[in-house]
Amino acid sequence: MNAKLKETLLNPIFKNNPITVLVLGICSSLAVTVTMKGALVMALSVIVVTGVSSLILSLLRNTIPSRVRIIVQLVVVAMMVILVDQVLKSFEATYAIDKQLSVYIGLIITNCIVMGRIEAFALGNKPWPSFLDGVANGAGYGMILLIVAFFRELLGSGTLFGFDILNRFGYVPNNLVILPPFALILLGCIVWVQRSIQKDLQEK
Amino acid sequence: MNTNSNIYTVIYTTVIVVIVAAVLAFVSQSLKGNQQANEKADTISQMLTAAQFGTKADFQKMGNKAVLARYAEEIAEAFTVSPDGSRTGDIALDEVFSPSLLKRQNYNIKGGQNATGAPELPVFIFKNGKKVVPVYGAGLWGPVWGYIAFNEDNSIAGAYFDHESETAGLGAKIKDDPAFQAEFIGEKPSLGESKVFEIVKGGSPKDTENKEVIDNKIDAITGATMTSKGLEAAINTWLGAYSAYLLSATPKVEEEVPAEVNEEAVEGEETTKTVEE
């Protein structure tokens with residue numbers, strides 16, 4: 001059981017990563033990866049939403065009428081997303097970031113990872129493993145977000161978390177890196193690296 | 001228990017929705033105070049940015065308390081005016097015109113079925129003589145608004161714009177691109193005319209000495225035509241409503257201008273003398 005839990009927790013981080021292997025949540029990963037701060041807040045928000053809504057729905061799983069289960073899932077996920085948004089708005093430190101992420105926090109509702117993991121895992125498993133699965137998938141998503149944001153902020157603005165890194169050496173920020181297509185190029189590179197390490201993902 | 005019967009399904013979904021609604025209502029109520037404080041500080045920092053007291057990033061680093069303190073320090077007078085230019089009421093120091101209030105006044109300016117009464121237009125006068133007035137209108141995806149600061153001679157001293165959901169990298173430039181906001185500085189809107197201000201393709205041309213021509217036009221944002229047009233409409237609607245007030249508030253300046261001209265003239269004579277010597 002312990003080995004299985006460990007697998008639940010570690011699989012989504014690398015071997016079964018939601019972005020690079022399942023190719024879910026691509027859209028928001030293009031939009032929120034211009035700065036590390038934005039990506040970090042987005043990653044934490046998704047971890048909370050996937051973890052807690054998986055937990056709640058796993059607790060409810062035996063009582064949910066199967067005909068309306070998607071609706072019930074949506075109601076719970078939407079509640080979590082609104083809660084996260086409200087909390088971000090109420091802190092001085094996160095207000096500006098929430099404003100910058102604007103619609104993308106609200107759009108976590110439509111992030112395929114959340115509904116996908118609830119359908120595939122939380123509805124058939126006990127609460128604790130479901131919670132871990134949700135958190136791990138959120139973390140797998142967040143990790144890719146941070147990797148992409150690292151390169152985009154470093155090369156696009158010459159900073160990391162707003163601190164000057166490259167600009168003091170006379171680096172001229174590359175505007176292409178700021179634009180969404182570059183996030184797709186970086187994602188492609190990450191998938192490439194992963195597939196060359198993990199040979200079983202390669203199509204014959 | 002049969003979880004697939006109709007009655008169970010109806011009761012179950014009802015209970016879930018009621019619980020979720022209760023949780024959300026409770027959280028929303030308990031966080032409201034903090035959220036409003038954040039919004040207020042944000043609005044004030046936008047006005048201070050428009051009046052050129054610093055950049056928006058500076059104010060963000062300062063924190064809410066410091067921003068409010070700075071505002072209390074710099075503000076001279078705040079009041080509302082009607083479109084005919086007469087003063088209608090005072091705005092207390094802790095009162096701010098948030099975007100939702102601007103929206104209501106926007107309906108009042110335009111009239112029609114959404115109007116709730118006569119427009120009450122806020123004016124914020126700072127101790128350095130700059131008058132800050134808001135503008136509000138519809139962008140491409142949602143509302144756009146902002147604050148325009150006027151010098152005493154009714155030329156624009158600065159501007160800051162914000163939006164709810166314009167496209168990042170295109171329409172969002174009205175907020176994110178300091179160069180766009182800087183284009184407003186020095187321009188002179190034709191107050192009192194039907195077209196007060198224009199945001200057009202190829203606006204803000206350079207003259208032969210490579211200086212910007214002072215007129216009522218600035219260059220629109222490439223790739224964000226609808227946002228530019230929406231902002232232009234917002235500026236025209238609001239500055240149109242402010243025209244009477246802004247024009248009536250100028251005479252004070254006319255007395256000062258000749259004095260300045262004289263000083264310059266005297267300086268000019270002195271320099272010519274030194275050259276002759």
Restricting attention to the range A:72-104, the residues that are more than 7 Å from chain B (Cβ to nearest Cβ) and of a type in the set (Asp, Glu) number exactly 2
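Quick check, is A:Leu146 under 14 Å from the mean Cα position of the chain (by Cα) and over 30 Å from A:Val68 (Cα atoms)?
yes
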Would the range B:53-69 turn up any residue that is in contact with a Phe, Trp or Tyr (Cβ under 7 Å, 6 or more places away or on another chain), crowded, with 17+ Cβ neighbours inside 10 Å and more than 26 Å from B:Ala138 (Cα to Cα)?
-> yes
Check off (1) over 25 Å from A:Leu101 (Cα atoms); (2) out of contact with any Lys or Arg (no Cβ under 7 Å at 6 or more places or on another chain); (3) crowded, with 22+ Cβ neighbours inside 10 Å for A:Ser58 and give me the number that stays unchecked.
-> (2)
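Looking at the structure I just gave you, is B:Val27 in a helix (DSSP H, G or I), within 8 Å of chain A (Cβ to nearest Cβ) and closer than 18 Å to A:Ile70 by Cα?
It is false that B:Val27 is in a helix (DSSP H, G or I), within 8 Å of chain A (Cβ to nearest Cβ) and closer than 18 Å to A:Ile70 by Cα.
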Can you spot a residue in the range A:173-184 that is away from chain B (no Cβ under 14 Å), touching a helix residue (DSSP H, G or I) at 6+ places or on another chain (Cβ under 7 Å), of a type outside the set (Gly, Ala, Ser) and under 16 Å from A:Val32 (Cβ atoms)?
-> yes
Give the range A:83-128 a look and list any residue that's without any contact (Cβ under 8 Å) to a residue 12 or more places away in the chain and among the small types (Gly, Ala, Ser), or say none.
-> A:Ser90, A:Ala93, A:Ala96, A:Ser102, A:Ala120
Failed condition for A:Arg69, given (1) in contact (Cβ under 8 Å) with a residue 40 or more places away in the chain; (2) within 20 Å of A:Gly142 (Cα to Cα); (3) within 12 Å of another protein chain (Cβ to nearest Cβ); (4) surrounded by fewer than 18 Cβ atoms within 10 Å (Cβ to Cβ) | (2)
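For (1) within 13 Å of another protein chain (Cβ to nearest Cβ); (2) under 22 Å from A:Val84 (Cα atoms), each residue gets a yes or a no:
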| residue | (1), (2) |
| --- | --- |
| B:Tyr8 | yes, no |
| B:Ala21 | yes, yes |
| B:Gln35 | yes, yes |
| B:Thr43 | yes, no |
| B:Ala66 | yes, no |
| B:Glu73 | no, no |
| B:Pro83 | no, no |
Does A:Arg168 satisfy the criteria of being surrounded by 13 or more Cβ atoms within 10 Å (Cβ to Cβ) and not aromatic (Phe, Trp, Tyr)?
-> no
From the options A:Gly162, A:Gly158, residue that is on the phi > 0 side of the Ramachandran plot and surrounded by 15 or more Cβ atoms within 10 Å (Cβ to Cβ) | A:Gly158
Restricting the range B:74-93 to residues that are without any contact (Cβ under 8 Å) to a residue 24 or more places away in the chain and under 16 Å from B:Phe126 (Cα atoms), the residue that is surrounded by the fewest Cβ atoms within 10 Å (Cβ to Cβ) | B:Ala92
Report yes if some residue within the range A:149-172 is out of contact with any Leu (no Cβ under 6 Å at 6 or more places or on another chain), within 13 Å of another protein chain (Cβ to nearest Cβ), at pLDDT 90 or above and assigned to a helix (DSSP H, G or I); otherwise report no.
-> yes
Only one residue in B:Ala92, B:Ala72, B:Ala57, B:Ala78 is in a loop (DSSP other than H, G, I, E, B) and of a type in the set (A, V, I, L, M). Which one?
-> B:Ala92
Specify the residue that is nearest to A:Leu44 (Cα to Cα); the eligible residues are those in the range A:108-143 that are more than 15 Å from the chain's Cα centre (by Cα) and not in a helix (DSSP H, G or I).
-> A:Phe121
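The values are calculated or read from the model by the stated rules, or taken from the named source; none is laboratory data. Just so you know, these numbers come straight off a predicted model, no measurement behind them. Positions of Cβ are backbone-derived with ideal geometry, glycine not excepted, and every protein chain shown enters the neighbour counts.
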